[in-house]
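Worksheet: one structure, shown below.
Bear in mind these aren't lab numbers, they're just calculated from the coordinates by the rules spelled out. Because the structure is a prediction, the values reported are computed rather than measured. Here the Cβ positions follow ideal geometry from the backbone for every residue, glycine too, while neighbour counts run over all protein chains shown.
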Amino acid sequence: MNNIYCKYDWDLGSMYITLDSYGILRLDLNEDNFEQYKSGISDLVYDKYSCKKVMEELDEYFKGIRKEFTIPLSISGTTFQKMVWNELTNIPYGETKSYGEIAKNIGKPKGAQAIGQANKVNKIPIFIPCHRVISKDGNIGGYMGKTKGTEVNIKQFLLSLEKRHK
């Protein structure tokens, strides 16, 4: 089966959803990241209909209705990364945990920096809610490998959205 993608418009622009036969493979929150990814893939087909359920759940999330997602995720990464991402899915909607708390929860109490690195390579943000991980001092920290700019603005938007609808 070809991988399928579609474009989803939201308050901060467009995001791109990529599905494989199992579930969500990627969620690119900006066009530049998606175009870079797309240029290296030959079997990527646009199909908005196949993304309908994902788009419905995103609509509900952005309206503050959906607090948990039901779409299967097609996760690839190291054992450590998968352990981190699984732990992130346990952070309730509208709440945050520090990098150190996540590290402690997965049995790596000195691994706060490694948690940040795992978050940086998370290919399915929002569904794997790395935006809910902040610095121990309450600072929102970085997002998608950046410490300022558009990415951090996206994180702030998501945290504010969830706080408003908690």
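Sorting ASP28, ASP9 from the fewest to the most surrounding beta carbons within 10 angstrom yields ASP9, ASP28.
When only Cα pairs below 8 angstrom with a gap of at least 6 residues are kept, the chain shows a relative contact order of 19 percent.
The overall shape of the chain, judged from the alpha-carbon gyration tensor, is prolate: a/c is not under 1.5, and a/b is greater than b/c. Neighbour counts of other Cβ atoms within 10 Å put PHE127, PHE62 in the fewest-to-most order PHE62, PHE127. Taking the chain as a Gaussian network, where each spring joins two C-alpha atoms under 10 Å apart, which residue of PRO109, PRO125, PRO92 fluctuates the most? Top of the fluctuation ranking is PRO109. Remark: TRP85, TRP10 ranked as TRP10, TRP85, counting other beta-carbon atoms within 10 Å and listing the fewest first.
Cross-link pairs exceeding 20 Å between alpha carbons, from the set LYS67/LYS163; LYS52/LYS166; LYS82/LYS108; LYS7/LYS146; LYS108/LYS136: LYS52/LYS166; LYS7/LYS146. Reducing segment 33-54 and segment 96-166 to their Cα centroids gives an inter-centroid distance of 25 Å. Left without a cysteine partner by the 4.7 Å Cβ rule in the chain: CYS130.
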